Amino acid sequence: MNAAEGIRVEEVSMAYGSSRILNEISLSIRKGSVVTIVGPNGCGKTTLLKIINNLLKPDQGRVFVEGTDVNLLPAHRLARIMGYVPQGHKISFPFKVRDVVITGRMPYIPAFSSPKREDMERTEQALSLTGISGLADHPYSQISGGERQLVMIARAMAQQPSVLLLDEPTSYLDFKNQILTLKMITEISRSKGVTVIMTLHDPNHALMFSDEVVLLRKLNGNRVGNMIACGLPQEVMTPQNIMAAYGVEVEIVDVKGRKLLMPL
């Protein structure tokens, strides 16, 4: 494995019952890069993210992180490497935001032990990093959906991961906070050297905030694989590839030096 390669996915395929979702997905992700997985609903974005995090076992293929097959890593060791923020997260009890974030320290706290000073310090750093220190004493159940998303990102960063996996991190956020959150995620990657893999719905966000893009399409009986392209955003997000993935005609426009996709 190349020293600059953080994650390698080899020939991964996955089906739910008789419905195949992923077929022969292979890709390499450099350490410290921001990689976005995009594609239509049902193309396997979330499934691929869960396979990378060893939450799902693929029907075939393997995933390596830092040179090791994820199947060989104990759960607590994998939790120190990968922080995961799912799409949906519900907590019924009115825990304070700080108490939710500190649960990210569980991989470092022995069973039947209490958090130590370092755990508290890492928690405060994660709250500050995500800009939600002011919410620390608020009940998690009484903050907005967008604020909860930031709490989950802070919780993942409290794990001190080298890889951050985010499934639709802009869900529940208004337009302004979508942009602020994506800027924050890229800044975390740059400042902390964290490899970020996220799924997004908006192809233009992928163009704006990614080092590389993985473009998927839904499978049908005539297709061998469902990864259309993987690489630099401007090379992947072409009108031809967007048509192949979404069935939508677009053109590329230049706005103040930025490339944007506009539907026709």
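The values are calculated or read from the model by the stated rules, or taken from the named source; none is laboratory data. Bear in mind the structure is a predicted one, so any value in this text is a computation, not a measurement. So basically every Cβ, Gly included, is an ideal-geometry build from the backbone, and we count neighbours across all protein chains shown.
Quick notes
- Subset of segment 186-206 [surrounded by 21 or more Cβ atoms within 10 Å (Cβ to Cβ) and either part of a loop (DSSP other than H, G, I, E, B) or among the hydrophobic types (A, V, I, L, M, F, W, C) (or both)]: VAL194, VAL196, ILE197, MET198, LEU200, ALA206
- Residues in segment 70-93 that are farther than 22 Å from GLN160 by Cβ and either touching a strand residue (DSSP E or B) at 6+ places or on another chain (Cβ under 7 Å) or without any contact (Cβ under 8 Å) to a residue 24 or more places away in the chain (or both): ASN71, GLN87, GLY88, LYS90.
- Filter result (under 14 Å from ASP99 (Cβ atoms) and of a type in the set (Asp, Glu)) within segment 118-168: ASP119, GLU124, ASP137
- Of the residues making up segment 234-246, those that are surrounded by fewer than 20 Cβ atoms within 10 Å (Cβ to Cβ) and in contact (Cβ under 8 Å) with a residue 12 or more places away in the chain number 6.
- The residue that is farthest from the chain's Cα centre (by Cα), among those in segment 30-59 that are in a strand (DSSP E or B) and either among the aromatic types (Phe, Trp, Tyr) or modelled with pLDDT of 95 or more (or both), is VAL38.
- Test: residue in segment 154-168 that is more than 22 Å from THR46 (Cα to Cα) and free of Cβ contacts under 8 Å to residues at least 24 places away in the same chain: no
- Residues of segment 60-85 that turn out to be at negative phi, buried (at least 16 other Cβ atoms within 10 Å of the Cβ) and not in a helix (DSSP H, G or I), as a count: 8
- Pairs are defined by a Cβ separation below 6 Å, a sequence spacing of at least 6 or placement on different chains, a first member in segment 198-220 that is in contact (Cβ under 8 Å) with a residue 24 or more places away in the chain, and a second member that is acidic (Asp, Glu) and in a strand (DSSP E or B); the pairs so defined are THR199/ASP167.
- Qualifying positions in segment 109-137 - among the hydroxyl-bearing types (Ser, Thr, Tyr) and either in contact with a Pro (Cβ under 9 Å, 6 or more places away or on another chain) or part of a loop (DSSP other than H, G, I, E, B) (or both): SER113, SER114, THR123, THR130
- With a requirement of 3 or more residues that are more than 19 Å from ILE37 (Cα to Cα), the strands (runs of 3 or more DSSP E) lying completely within segment 216-263 that satisfy it span 250-255, 258-263.
- Identity of the residue in segment 86-96, out of contact with any Lys or Arg (no Cβ under 9 Å at 6 or more places or on another chain) and hydrophobic (A, V, I, L, M, F, W, C), that ends up farthest from GLU118 (Cα to Cα): PHE93
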